[in-house]
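Read through the structure below, which is laid out as structure tokens, and then see the notes.
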Amino acid sequence: MNNFLKNSLSTVVGLVIFSVLCSIFAFIGLAGMMVSGNARSSIKNNSVLVLNLQGRISDYAENSDDIMSMLQGTSNTAVSLSDMTSAIKKAKTDKHIKGIYIEAGMTLSNIALYEELRNTLLDFKKSGKWIIAYGERYSQGAYYVSSVADKIYINPSGMLDWHGLGSVVEFDKGLMKKIGVNVVVAKVGKFKGATEKFTEDKLSDANREQTERYLNGSWQTMLKDVSASRGIDTARLDGYADDINLLADVRQYKQRKLVDGFCYNDQIKDIVKKQLGIDKDDEIKQVSVGDMNSAVADSDDGGAVGVYYCQGEIVQSKPQQMLSMADDNIVCDDVIADLEKMAKNDDIKAIVLRINSGGGDAYASEQLWHEINKINKKKPVVVSMSGAAASGAYYMSMGSRWIVAEPTTLTGSIGIFAVLPSASELLTSKLGIKFDEVSTNKNSNFGTFSYARPMTSAEFGAVQSYVDRGYVLFRKRVCDGRKLSVDDVEKIAQGHVWLGTDAKKIKLVDEIGGLDAAVKKAASFAGVADSYHTVVCNNPVSFIEQILDNGNKKKDNYLSEQLKDVLGIMYEPVMRLKMLKEASMLQAHCPSEITLN
């Protein structure tokens, strides 16, 4: 027995020592990879910058160095708009870069992001350098960006999507009724369409009106841009979108001047080689976005303008539960802590907040407004709006000194609501569960309407009054921030979503432009317009956080897939109810940004 215990103990100790040694070696190896990955490389002469337009593109990737991918020996590096625009600007002035090769495919992002990337490429062409695009299958977003190229090529069996903009809205009212869940909505704003999925069977007239406006306005921007680059009349381009271009004969793309020629993957290399003036047997010196940013140091001349990216739903603190439908969050507590550090940093002369959000927690939005307003009194804060900066995201922007929006940015949506799901019918009528109450006061059991009984008129009245006060406060922030009267704001509020171009006309934003315009304005406010540089101030995700987050995402994805298999079409509505249950009562949300694949 003693020998058994000794052997068992020695085995356990051996395993522990082995695990510790493995961890040490893994850490050493990881450190080596990180050092080698961060080593500054050089750009060889006669090189080509390669832009890979594949997958989802966001404004900013918090962990561009994916630790888990490095450990697994796979390539899963996130490429963001900030990475790509930085690389393109450096390539414009780098004498070793002769042109840009766009490898187009299936992408997904908002129109404003594509527009900013496109404008950066147009600016690159001012250097006299060339751009060539090739794709086997162009998504509409990828084609919109690629249309700036001097030459566009497609595979002889390829596809090109050009279909216009559309929006299909799901309404869950009928499903909720069938399963015995009643959703009570208290809101201010007839245009506040975010709640309609729970209360209506179709779009309200007001919501349909604003949806048509921002879809049509965004589509006109795309038509105008592609027309200017390809020399195709906008009316013709609009007519082409009525066809199912994705399945058209590839020869039709050239007949319509959408592309310049056809070639296979190996043949496009010969075209690029000819452009570089090298022999067919020579290798193309390719430079990735990461290589370009690594090789060329960022400028540190003049004063620093700090750029801070805010993307996703606004929440008070980081969600602890798994199975969230959102990949990114604007975590109020974290953002405030980061902004305070930026405010105390004397090297940072001004701050630009790059916002891409449809809003979220109204209380958190108020706290963010307070912090931004406080900092703006000490050093300039300018907001740069991406695909959306509406509702709660517009609320927080009111603390800034200047607002710059893209033409297709969704903004405004000045309105508040509370969505209160109640499963009392499901539990009592359908499942046979009974509840009884004992209380000391009239409203001691306020809140039990979520599961035990229907909401009373007095309870709803209290909730509506709470929402009304939230709306009045939101409106006041807009009045003070935009220097408008209550009557002027009320005419454009009521939850109305506006395009950036329209928002400029009604004084909700100050300027139409991208991130560069916002940085330039911030530098001007700070008195460093003659010499300045930008520095991204988002805290990178740490090594440990990446490992933990990767594990959580894998678990989250696995559980999500299992739930999808079990629930089928009910998965999305069930997840929405889960989010509503976990969210704070008062919400400032708008419909999602216009995404383009």
Amide H contacts under 5 Å for G261, placed H, 5+ residues apart
I152, I154
Output ³J(HN,Hα) for segment 519-529: one whole-Hz value per residue in order, computed from phi by the Karplus curve 6.51 cos²θ - 1.76 cosθ + 1.60 with θ = phi - 60°, and x for Gly and Pro.
5, 4, 5, 4, 4, 5, 4, 7, x, 10, 4
Carbon and sulfur atoms: what percent of the 1.4 Å accessible area of segment 373-517 do they account for?
54 percent
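Suppose R0 equals 22 Å; then what is the FRET efficiency for D301 and S127 from their Cβ-Cβ distance, rounded to the nearest 0.05? Before the final figure, lay out the partial values.
Values: r = 20 Å, r/R0 = 0.91.
After rounding, the FRET efficiency stands at 0.65.
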For K377, go through the lysines and keep the ones whose alpha-carbon is under 20 Å away, minus same-chain ones fewer than eight residues off.
K341, K344, K349, K476, K483, K520, K521
Kindly write out, for segment 330-340 in residue order, the coupling ³J(HN,Hα) from the Karplus curve 6.51 cos²θ - 1.76 cosθ + 1.60 (θ = phi - 60°), rounded to whole Hz, with x marking Gly and Pro.
8, 7, 3, 4, 5, 5, 4, 4, 5, 5, 5
Normalised by the residues of segment 75-161, what does the relative contact order come to in percent, with Cα pairs under 8 Å and at least six apart?
31 percent
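Working out 0.36 nm times the residue gap between S457 and V168, then minus their Cα-Cα distance, what length gain in nm do you get to one decimal? Please report the intermediate quantities before stating the final value.
Numbers: separation 289, 0.36 × 289 = 104.04 nm, distance 3.39 nm.
Here the answer is 100.6 nm.
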Quick query: amide H of W130 versus all other amide H atoms, modeled in the peptide plane; which residues come in under 5 Å with a sequence gap of 5 or more or a different chain?
I100
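Can you tell me the accessible area per residue over segment 154-246, all protein chains present, probe 1.4 angstrom, in square angstrom?
Details: 4500 Å² over 93 residues.
Per-residue value: 48 Å².
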Could you pull out every residue, at least 5 positions away or on a different chain, whose amide H is within less than 5 Å of the one on T408? Hs are placed 1.01 Å off N in the peptide plane, and Pro or chain starts have none.
G500
Rounded FRET efficiency, nearest 0.05, which uses the C-beta distance separating S429 from V250 and R0 of 56 Å:
0.45
Tell me, what ³J(HN,Hα) does each residue in segment 209-224 have, in order and in whole Hz, if you take phi through Karplus 6.51 cos²θ - 1.76 cosθ + 1.60 with θ = phi - 60° and put x for Gly and Pro?
4, 6, 5, 4, 5, 6, 6, 5, x, 5, 5, 5, 4, 5, 4, 4
Restricting attention to segment 242-325, which trypsin sites (Lys or Arg not before Pro) occupy a DSSP loop and are surrounded by at most 12 other Cβ atoms within 10 Å?
K280
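At most 15 other Cβ atoms within 10 Å and a DSSP loop assignment: could you name the chymotrypsin sites (Phe, Trp or Tyr not before Pro) in segment 443-479 that fit? Walk me through the numbers before you get to the answer.
Working: sites: F446, F449, Y451, F460, Y466, Y471, F474; in loops: F446, Y451.
Within segment 443-479, the qualifying chymotrypsin sites (Phe, Trp or Tyr not before Pro) (loop, at most 15 other Cβ atoms within 10 Å) are F446, Y451.
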Please compute the contact order of segment 144-230 in relative form: average sequence separation of alpha-carbon pairs under 8 Å and at least six residues apart, divided by the residue count, as a percent.
37 percent
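Can you pull out the trypsin sites (Lys or Arg not before Pro) in segment 124-173 whose DSSP state is coil and whose Cβ has at most 13 other Cβ atoms within 10 Å?
On the way: sites: K125, K126, K129, R137, K151, K173; in loops: K126, K129.
Listed in order of number, the matching sites are K126.
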Here, I512 and H370, labelled 7 Å along Cα→Cβ, have an inter-label distance in nm of 3.7 nm
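The values are calculated or read from the model by the stated rules, or taken from the named source; none is laboratory data. Since we're looking at a predicted model, the values are computed, not measured. Every residue, glycine as well, gets a Cβ built from its backbone with ideal geometry; the counts of neighbours run over all protein chains shown. When the accessible area is computed, the model is the full protein with side chains, heavy atoms only, and any ligands, DNA or RNA have been set aside. Shrake-Rupley method; radii C 1.70, N 1.55, O 1.52, S 1.80 Å.
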